[in-house]
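Q: Provided herewith is a single structure, encoded as structure tokens, for subsequent inquiry.
The values are calculated or read from the model by the stated rules, or taken from the named source; none is laboratory data. In this text, all values refer to a predicted model and were calculated from it rather than measured experimentally. Virtual Cβ from ideal backbone geometry, glycine too; neighbours counted across all protein chains shown.
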Amino acid sequence: MRSAADELRRRQVVPGTLDDVFAFFESPWNLEHITPPWLRFHIVDATDERMRVGTEITYRLHWQGIPMGWRTRIAECEPNVMFADEMTRGPYRRWYHRHFFAEVPGGVEVVDVVEYELPLGPLGLLAHSFVRPQLDAIFDFRRDAVAARFAGGAQEGAHTS
């Protein structure tokens, strides 16, 4: 039987400098540009213009047509290296999303590691077979939007479970 917690990993290399790529990601307002339009994602408020430990971001989205609120707090931040957002209010029991950045040949490697757990115990475990493909689609869109933003960066290691 699966554990209640799951992990989503994504990696891509985009052309550009570490400073430029990190600067794009550290602006909460850029989330709207890399989130699929079918989620109708909208940032309501961000306590800071740039990610730092303690930054809080509130947004609204529609999942399967159902409007919901979501709030995250930046729990870790090391400029040009990584930051992590943790859901403080939203649909998951747990959502902890780490973003890593490193200079590599050809540009900047961007790695997303999301640890998540669905609510509702056994029902959440059953729902995972429906939720995971949607998460994959969201992160596929994100990969493509980031690649387009950085002049069609190479997409490597699309994802692992």
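Q: Suppose we filter the stretch 45-60 for residues that are closer than 12 Å to Arg89 by Cβ, out of contact with any helix residue (DSSP H, G or I) (no Cβ under 8 Å at 6 or more places or on another chain) and among the β-branched types (Val, Ile, Thr); how many remain? Walk me through how you get there before you give the answer.
A: Step one: list which residues in the stretch 45-60 are closer than 12 Å to Arg89 by Cβ, which gives 56-60.
Among the residues that remain, those that are also out of contact with any helix residue (DSSP H, G or I) (no Cβ under 8 Å at 6 or more places or on another chain) are: 56, 58, 60.
This time we only want the ones that are among the β-branched types (Val, Ile, Thr), so: 58.
Adding up the residues that qualify gives 1.
Q: Could I ask something else about it? If you check Gly152, Gly124, which single one turns out to be modelled with pLDDT under 95 and on the phi > 0 side of the Ramachandran plot? Can you show your working first?
A: Details: Gly124 fails: on the phi > 0 side of the Ramachandran plot.
Exactly one residue qualifies, and that residue is Gly152.
Q: Next up: Is it true that some residue in the stretch 77-86 is among the aromatic types (Phe, Trp, Tyr) and within 16 Å of Val44 (Cβ to Cβ)?
A: Taking every residue of the stretch 77-86 in turn, none turns out to be among the aromatic types (Phe, Trp, Tyr) and within 16 Å of Val44 (Cβ to Cβ).
Q: Can I ask one more? Which residue, of Val53, Val81, Val44, Val108, is among the aliphatic types (A, V, I, L, M), in contact with a strand residue (DSSP E or B) (Cβ under 8 Å, 6 or more places away or on another chain) and buried (at least 17 other Cβ atoms within 10 Å of the Cβ)?
A: It is Val108.
Q: Scan the stretch 28-85 for residues that are under 16 Å from Arg98 (Cβ atoms), of a type in the set (S, T, N, Q) and in a strand (DSSP E or B) and jot them down.
A: Thr72
Q: State yes or no: is Arg98 at pLDDT below 95 and either within 17 Å of Arg11 (Cα to Cα) or touching a Leu at 6+ places or on another chain (Cβ under 8 Å) (or both)?
A: no
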